[in-house]
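Chemist: Before I ask anything, here is the structure I am working with.
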Amino acid sequence: MFLSTPAGGSIAVLCYLQAAHEAEEEEAERKRVSPTHQQLQTFLTCSSSARFFMTAQVCVLYFAKSVELTGVKEEKTVAVPTPISSHDLWKLLVQRHPRLCTLQDGVVLAVRQEYVPIGDQVLTLGDGDEVAVVPPLSGG
């Protein structure tokens, strides 16, 4: 189908229909993307610290209040981009378990059994590394 223009030319409506079809296909493809791929896309969107990365399969351990908030004590295989800042690692964990955000002000991470403050420190993780979420402890 063609439309006439004031200058006497014609525009193919088919081009418009083709563009609309391509947009629908792109949207459908986005919906078919795996959850792990979606995590990585989110990481790239919200992280200014990574340009090139690989992923490591890490074990995440939750302690004290974080167990209650996540409903799990351990996640054996979590795909994490590496290198990653401790702040971006925390954001990734909060994305997985949004209720963790209540611990934001006092939580500390431990990577390979060493405490890591949440900040700009860049971590290089390897497959099998342990990442622990250690909330503030109370009691005596």
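Chemist: Consider only pairs whose beta carbons are under 8 Å apart and that are at least six residues apart or on different chains; among these, list those whose first residue lies in the stretch 96-112 and is closer than 23 Å to Ala56 by Cα and touching a residue at least 12 places away in the same chain (Cβ under 8 Å) and whose second residue is among the hydrophobic types (A, V, I, L, M, F, W, C) and part of a helix (DSSP H, G or I).
Modeler: His97/Leu69; Leu100/Leu69; Leu100/Leu93; Leu100/Val94; Val107/Trp90; Val107/Leu100; Leu109/Leu89; Leu109/Trp90
Chemist: Moving on. Taking the stated definitions as given, is Val133 of a type in the set (A, V, I, L, M) and outside any helix (DSSP H, G or I)? Show your work before the answer.
Modeler: Working: of a type in the set (A, V, I, L, M): yes; outside any helix (DSSP H, G or I): yes.
In short, yes.
Chemist: Limited to the stretch 105-140, what total is found for residues that are open to solvent by less than 80 Å² (accessible area, probe 1.4 Å) and within 20 Å of the chain's Cα centre (by Cα)?
Modeler: 17
Chemist: Surrounded by 12 or more Cβ atoms within 10 Å (Cβ to Cβ), touching a Cys at 6+ places or on another chain (Cβ under 7 Å) and in contact (Cβ under 8 Å) with a residue 24 or more places away in the chain: does that describe Glu74?
Modeler: no
The values are calculated or read from the model by the stated rules, or taken from the named source; none is laboratory data. Computed from a predicted model, the values in this text were never measured in an experiment. Don't worry about glycine lacking a Cβ; one is built from the backbone with ideal geometry, like all the others, and counts go over all protein chains shown. Accessible surface areas use protein heavy atoms only, side chains included; no ligands, DNA or RNA. Shrake-Rupley method; radii C 1.70, N 1.55, O 1.52, S 1.80 Å.
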